[in-house]
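The block underneath contains the structure these notes are about, expressed in structure tokens.
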Amino acid sequence: QHVNQHVNLDDLPIRDDLRGRTPYGAPQIDVPIRLNTNENPYAPSPALVADLAEEVRASAAELNRYPDRDAEALRTELADYLGHGLTKDQVWAANGSNEVLQQILQAFGSHGRTALGFEPSYSMHPIITTGTSTEWISGVREPDFSLDPGKAAAAVEEHRPDIVFLTSPNNPTGTALPMETISRVLDVATGMVVVDEAYAEFARQGTPSALTLLPAHPRLIVTRTMSKAFAMAGTRLGYLAAHPAVIDALLLVRLPYHLSTLTQTAARVALRHRAELLGTVDKLRQERDDIVDWLRGKGLTVADSDANFVLFGRFPDRRKVWEALLESGVLIREVGPPEWLRVSIGTGEEMAAFRAALEGIL
Ligand code: PMP
């Protein structure tokens, strides 16, 4: 079929606020060592795959029917996993925490409203914000990427955003937030406060979750995902915990039957196998701490990390380092402040390959 090569995006009657924007674009390149999107490097065991296949087979017999629209069984099991006395009516799920975040923005953002985040942080927060015609306000972090509680609260008081994003541990820096910072922000926020805990399971032992603050804060939303520690990125399952009224709000904007039967089935099987899936977290934490020490030993600057990735630098020409690593078959991520690179934690062998490749470049 003939495609007119002279037509591009700018020729379409696209929304003015989308003109000139670039899509989310972590490169998907087929190389031996992929350490660029913070996945868990360990694939499911044959036993888990067999159980999943069996459950999917059973679900397949009903695929002429729409899925459970409110994912009741899955939400019950997610609440059980989260603990803290949470119940199904305080938990919501969607296709990745990205969709969860988009539904939050659809319900609490929109034209004439604002969302504030402290950068550098997860690049999808501003993309989802502006994608829903919400105005993005960029707050700042300290030079070591921590958040000063007083300054964070002051920024929220000054801008009175409809939504505040707090990310703990933060992507791409790995920085975890002390409870004090979250509490200070909650105390002054007039809108919703989203604590994005995509990497919570990787945080150091003893790091409390914002889930503990839910009973006292009906405007707090804690988001989680099965894409990272849970080793189920391909399933696309994100979820949140919040006051039941927040979930009532999300029901107004979600598409009916947004979570497919197969997704719900896979997520429930994964939850059943959580001992196996989360069993790699300790190993990944150890690899993380080891790579931080190793990079520092090489004289590099490394941000403290509570996640399954490490931000390191500083490279006056980071693109060159990124390309040289790729050349050696190691894909990491060019993200964050200009002179920094981010490496996701892989298996022991993958990290050895990363170290060998980087050593050759330095
Ligand atoms: N939040 C943060 C901080 C992330 O880094 C990511 C994934 N990179 C997500 C949310 C979204 O993950 P998913 O949609 O796979 O749940």
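Coordinate-derived values only; no laboratory data. A quick note: this is a predicted structure, and the numbers were derived from the prediction, not measured. Cβ coordinates were reconstructed from backbone atoms using ideal geometry, including for glycine residues, and neighbour counts include every protein chain displayed.
Return the FRET efficiency for the residue pair Ala73, Arg274: r is the Cβ-Cβ distance, R0 is 25 Å, and the value is rounded to the nearest 0.05.
0.95
Could you list Tyr81, Tyr239, Tyr66 in order of exposure, starting from the residue whose Cβ has the fewest other Cβ atoms within 10 Å?
Ranking Tyr81, Tyr239, Tyr66 by Cβ neighbours within 10 Å, fewest first, gives Tyr66, Tyr81, Tyr239.
Net charge near Arg113: determine it from the other residues with C-beta under 11 Å of the C-beta of Arg113, scoring Lys and Arg +1 and Asp and Glu -1.
Every neighbour counted, the sum reads -1.
Taking square-rooted eigenvalues a ≥ b ≥ c of the alpha carbon gyration tensor, is the chain rounded, prolate or oblate, where a/c under 1.5 means rounded and, failing that, a/b exceeding b/c means prolate?
Verdict is rounded for the chain.
What distance in nm separates the simple spin-label points at Glu158 and Asp304, each placed 7 Å from Cα in the Cβ direction?
In this crude label model, Glu158 to Asp304 measures out at 2.5 nm.
List Phe108, Phe312 from most exposed to least, where exposure is judged by having the fewest other Cβ atoms within 10 Å.
So the residues, fewest neighbours to most, are Phe108, Phe312.
Expressed in nm to one decimal, what extension gain is obtained for the pair His2 and Glu55 from 0.36 nm per residue of sequence separation less their Cα-Cα distance?
Value of the extension gain: 14.7 nm.
Subtract the Cα-Cα distance of Asp282 and Leu262 from 0.36 nm times their separation in residues, and report this length gain in nm to one decimal.
Extending this stretch completely gives an extra 4.3 nm.
Among Phe145, Phe118, rank each residue by its count of other Cβ atoms within 10 Å, from fewest to most, as a rough exposure measure.
Ranking Phe145, Phe118 by Cβ neighbours within 10 Å, fewest first, gives Phe145, Phe118.
Can you tell which of Ala352, Ala152, Ala79 shows the greatest fluctuation in a Gaussian network model of the chain with Cα springs below 10 Å?
Largest GNM mean-square fluctuation: Ala352.
Residues of the range 322-339 with amide nitrogen under 15 Å from the 7 Å Cα-to-Cβ point of Ser123?
Label zone hits: 322-323, 332-339.
Using 0.36 nm times the number of residues separating Thr212 and Glu339, minus their current alpha carbon distance, what extension gain do you get?
42.1 nm
Could you calculate the FRET efficiency of Val140 with Leu255 from 1/(1 + (r/R0)^6), where r is the beta carbon distance between them and R0 is 30 Å, rounded to 0.05?
0.25
Among Arg285, Arg57, Arg268, whose mean-square fluctuation peaks in a Gaussian network model of the chain (Cα, cutoff 10 Å)?
Judging by the Gaussian network model, the answer is Arg57.
Excluding same-chain pairs closer than 8 in sequence, count the lysine pairs in the chain whose Cα atoms lie under 29 Å apart.
So the count works out to 6.
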